Each structure stands twice: as structure tokens, then as C-alpha cells.
Amino acid sequence: MATDWQQLSRDVEALLKEARRQVIAKMHQTLTVDEKTGRKDLVTNVDKGNEQFLIRAIRQLDPQAQVLGEEGFGDNVTSVKGRLWIVDPIDGTMNFVKQRDNFAMMIGIYQDGVGQLGFIYDVMNDVLYHGGPQLGGVWANQQQLGAPADLALADGLIGMSSPLVIKDVAHTQAIVHASAGMRVYGSAGIEMINIMLGKTLGYISYLKPWDFAAGQVLLNTLGVRTSTIDGQPLDMLSSNLVLVATKQAQRDILQIEEDDVSL
Ligand code: 2AM
Ligand code: CA
Ligand code: CA
Ligand code: CA
């Protein structure tokens with residue numbers, strides 16, 4: 001049977017609203033915080049509980065689909081064939097732990113590797129960004145978003161993950177230098193939202209599929225480019241050095257990579 005994408009979107013919106021109620025209730029209780037690969041890579045009981053809640057509901061909504069989740073409650077996905085849901089239950093876990101703010105829930109829905117619907121929920125501001133080619137646009141709650149201005153690198157702010165800039169990976173210091181300035185928000189989801197709203201013109205970070213799956217669908221729908229730092233398509237099943245940028249800024253950044261410039 002053909003998928004009713006409008007209905008599926010409404011179902012996911014309702015699911016995320018329920019997930020938000022649960023997360024907000026739990027975040028005022030004592031968190032259980034564990035380290036994954038190190039002291040800056042955390043997971044809490046809320047990340048795990050929310051992923052389990054979301055994936056259980058996704059399996060009811062779409063029993064045939066594969067589900068890839070950050071905390072491991074989904075499938076062992078080795079192919080993007082068919083329908084694939086990619087879930088990040090809490091994006092910005094460090095912010096969640098230290099600030100109780102500036103974190104997001106994210107879901108991307110792909111069909112044979114092509115983005116169909118994306119959802120980024122700014123939990124504390126209670127704004128759910130959703131849309132994609134199947135809906136023909138992107139909405140912030142009920143309000144449709146226009147495309148952000150196609151700014152050149154020199155004319156806007158760029159989001160970065162701080163380790164890349166500190167170590168000057170992939171000429172990130174030269175890119176920051178060529179921009180109007182750097183911002184670091186600590187959540188890929190919040191970074192993607194800022195680009196959708198035209199507050200920043202791009203974002204560079206080393207990311208896993210659950211960090212960029214939802215944002216890629218939403219941003220591409222608004223005419224913003226997503227690629228690797230070399231301009232190649234993102235691999236939906238592994239880590240990528242991700243470049244998100246307006247068309248003009250993407251050209252400017254790829255030129256810096258090509259010219260191999262340093263400060
Ligand atoms: P997370 O909170 O879901 O793990 C922080 O700069 C941003 O990068 C967050 O969106 C975070 O997602 C993501 N990230 C990806 N890999 C990370 C890692 N190894 N350690 C910390 N954050 C990571
Ligand atoms: Ca994580
Ligand atoms: Ca994440
Ligand atoms: Ca996460």
C-alpha cells in the first residue's frame with residue numbers, strides 16, 4: 001500500500017510531543033549519567049529511555065521498516081534499502097546534563113537512501129521543526145519557513161564543533177577566519193535549526209548518521225546543501241566530516257579546501 005506521508009508526519013509529531021512530556025518529567029529527577037568513549041561523550045537514563053519509547057512506537061507505525069538508533073535499541077542496519085528511520089533521542093546530551101537546555105530530539109525517515117521526512121524538536125522552546133519533500137516544505141510548529149538567504153561565507157556566522165577548530169582539522173580555522181564569525185551551540189540539531197532560520201549560514205562537525213539524518217532532509221528542502229567536507233554525498237551508515245552550508249558558502253568553503261590555504 002502507498003504510504004500516506006501526511007498521516008505519518010502527523011503520527012510522528014504526536015509521538016514526539018508525548019516523548020517531550022516524558023523527558024521534561026524525568027529531567028527534574030536525578031539523572032543517571034554514564035560515559036561512552038570518554039568524559040565528554042555522555043549518555044543518560046533519559047537518552048536510553050526515550051530511544052526505547054520512540055523505537056517501540058516507530059515499530060507500531062511502520063512494522064516493515066528498519067530503525068537505526070544512537071543508543072543501540074534499533075536494528076543492526078547494514079543497508080539503506082527500503083524504509084529506514086534514524087533516531088537521536090537526545091541530541092546535545094552534554095547540554096541536557098549541564099544546562100537542561102539547548103538539546104533536541106531528531107528523527108529522519110529515508111526511502112532507499114533518499115530523505116523523505118525530517119523532525120527536529122527543540123524541546124525547551126517547544127518548537128517542532130518538521131517537513132521534507134513528501135510535505136513540500138518545512139514548518140516550525142504550524143508556521144511554514146521560507147528558504148534562508150543564500151549568503152556567501154564572508155557575510156554570515158558559521159557553527160562549528162570546537163574540537164575541529166582547536167585541532168584545525170580540514171582548514172576549519174581558515175574557514176572561521178573567512179566567515180563573519182564562529183558560533184558553538186553543542187547540539188547538531190540546534191545548529192541545523194539556526195541554519196534553517198538564517199541565524200547562521202552553515203555548520204561543520206564530525207557526525208554520525210543520527211546527528212545529521214533529520215537536518216539533512218529539512219535543510220535540503222530549504223535549498224541548503226549537505227555534504228562531506230570534500231563535497232561528496234553523506235554516507236547514511238557511517239561517520240562523516242559534515243559540511244552544511246548555503247550554496248554560496250559551500251562553494252567558498254570547498255574552494256578553501258581545494259586551495260589548501262592556511263592562516
Ligand atoms: P549527542 O549529544 O547526541 O551525542 C556536540 O558537539 C554535538 O555533536 C551533539 O550534537 C552531539 O550529539 C554530537 N556528537 C557526535 N559525536 C559525539 C561524540 N563522540 N561526543 C560528543 N558529542 C558528539
Ligand atoms: Ca551521544
Ligand atoms: Ca546527536
Ligand atoms: Ca544523542
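The numbers here are math on the coordinates, done by the rules we state, and not lab data. Since the model is a prediction, treat every value here as computed from it, not as a measurement. When we count neighbours, we look across all protein chains shown, and the Cβ atoms used for this are built from the backbone with ideal geometry, even at glycine.
Given the Cα-Cα distance of Asp75 and Lys98 and 0.36 nm per residue of separation, how much length would full extension add, in nm? Working shown, then result.
Numbers: separation 23, 0.36 × 23 = 8.28 nm, distance 3.03 nm.
That pair, Asp75 and Lys98, stretches by 5.3 nm at full extension.
Can you put His130, His28, His177 in order, fewest other beta carbons within 10 Å first?
Arranged by neighbour count, lowest to highest, His130, His28, His177 become His28, His177, His130.
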Point to revise | Pairwise centroid distance, computed over Cα atoms, of the range 7-27 with the range 35-61, Å | key: 14 Å
Study note, to complete from the structure: If every Lys and Arg gets +1 and every Asp and Glu gets -1 at its Cβ, then about the Cα centre the range 5-144 yields a dipole, in debye to the nearest 20, of 180 debye
**Study point:** Charge sum, other residues only, whose C-beta stays under 14 Å from Gln232's C-beta, Lys/Arg counted +1 and Asp/Glu -1
**Key:** -3
Practice item. Mind computing the radius of gyration and Dmax over the alpha-carbon atoms of the range 1-57? Å is fine for both. Key: 14.9, 47
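Which order do Leu117, Leu241 fall in if you start with the one that has the fewest other Cβ atoms within 10 Å?
Working: Leu117 25, Leu241 17.
So the residues, fewest neighbours to most, are Leu241, Leu117.
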Exercise for review: Multiply the residue separation of Leu61 and Gln255 by 0.36 nm, subtract the distance between their alpha-carbon atoms, and state the gained length in nm to one decimal.
Suggested key: 65.4 nm
Review point. Of the residues Gln173, Gln216, Gln29, which exhibits the maximal mean-square fluctuation in a Gaussian network model of the chain defined by a 10 Å Cα contact cut-off?
Key: Gln29
Point to revise | the chain: relative contact order as a whole-number percent, Cα under 8 Å and 6+ apart | key: 16 percent
Revision key, fill the gap. So for R0 = 30 Å, FRET eff. of Glu18-Ser162 from the Cβ-Cβ r, to 0.05, ends up at 0.35
Practice item. Let me know the charge dipole size of the chain about its Cα centre in debye, to the nearest 20, where only the beta-carbon of Lys, Arg (+1) and Asp, Glu (-1) is charged. Key: 640 debye
Practice item. Take the alpha-carbon positions of the range 88-173, form their convex hull, and give its projected area averaged over all directions (one quarter of the hull surface) in nm². Key: 8.0 nm²
Review point. How much FRET efficiency would the formula 1/(1 + (r/R0)^6) give for Asp41 and Gln142, where r is the Cβ-Cβ distance and R0 is 35 Å, rounded to 0.05?
Key: 0.45
**Study point:** More than 26 angstrom apart: percent of Cα pairs within the chain
**Key:** 38 percent
Practice item. Can you put Met94, Met160 in order of Cβ neighbours within 10 angstrom, beginning with the fewest? Key: Met94, Met160
**Study point:** Listed residues Ile166, Ile253, Ile109, most fluctuating in the chain (Gaussian network, C-alpha, under 10 Å)
**Key:** Ile166
Practice item. Just check the range 145-205 against the gyration tensor rule for me: Cα atoms, a ≥ b ≥ c as the square roots of the eigenvalues, rounded for a/c under 1.5, and otherwise prolate or oblate depending on whether a/b exceeds b/c. Key: oblate
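If you wrap a convex hull around the alpha carbons of the range 5-144, what volume per residue comes out, as a whole number of Å³?
Working: hull volume 14.8 nm³, N = 140.
Hull volume normalised by residue count: 106 Å³.
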Review point. If you build a Gaussian network model of the chain, linking Cα atoms that sit under 10 Å apart, which residue out of Arg251, Arg39, Arg225 swings the most?
Key: Arg39
Check your understanding: What is the gain in length, in nm to one decimal, between Leu197 and Thr30 on full extension, counting 0.36 nm per residue of separation less the C-alpha to C-alpha distance?
Key -> 56.7 nm
Revision key, fill the gap. Computed Rg/Rh for the range 153-259 (Cα atoms; Rh = Kirkwood radius) stands at 0.91
Review point. Where both partners of a DSSP beta bridge lie in the range 104-227, what percent of those bridges are antiparallel, to the nearest 5?
Key: 75 percent
Review point. Which pairs, out of Lys26/Lys247; Lys40/Lys81; Lys98/Lys199; Lys17/Lys199; Lys81/Lys247; Lys17/Lys167, put more than 31 Å between their alpha-carbon atoms?
Key: Lys26/Lys247; Lys40/Lys81; Lys17/Lys167
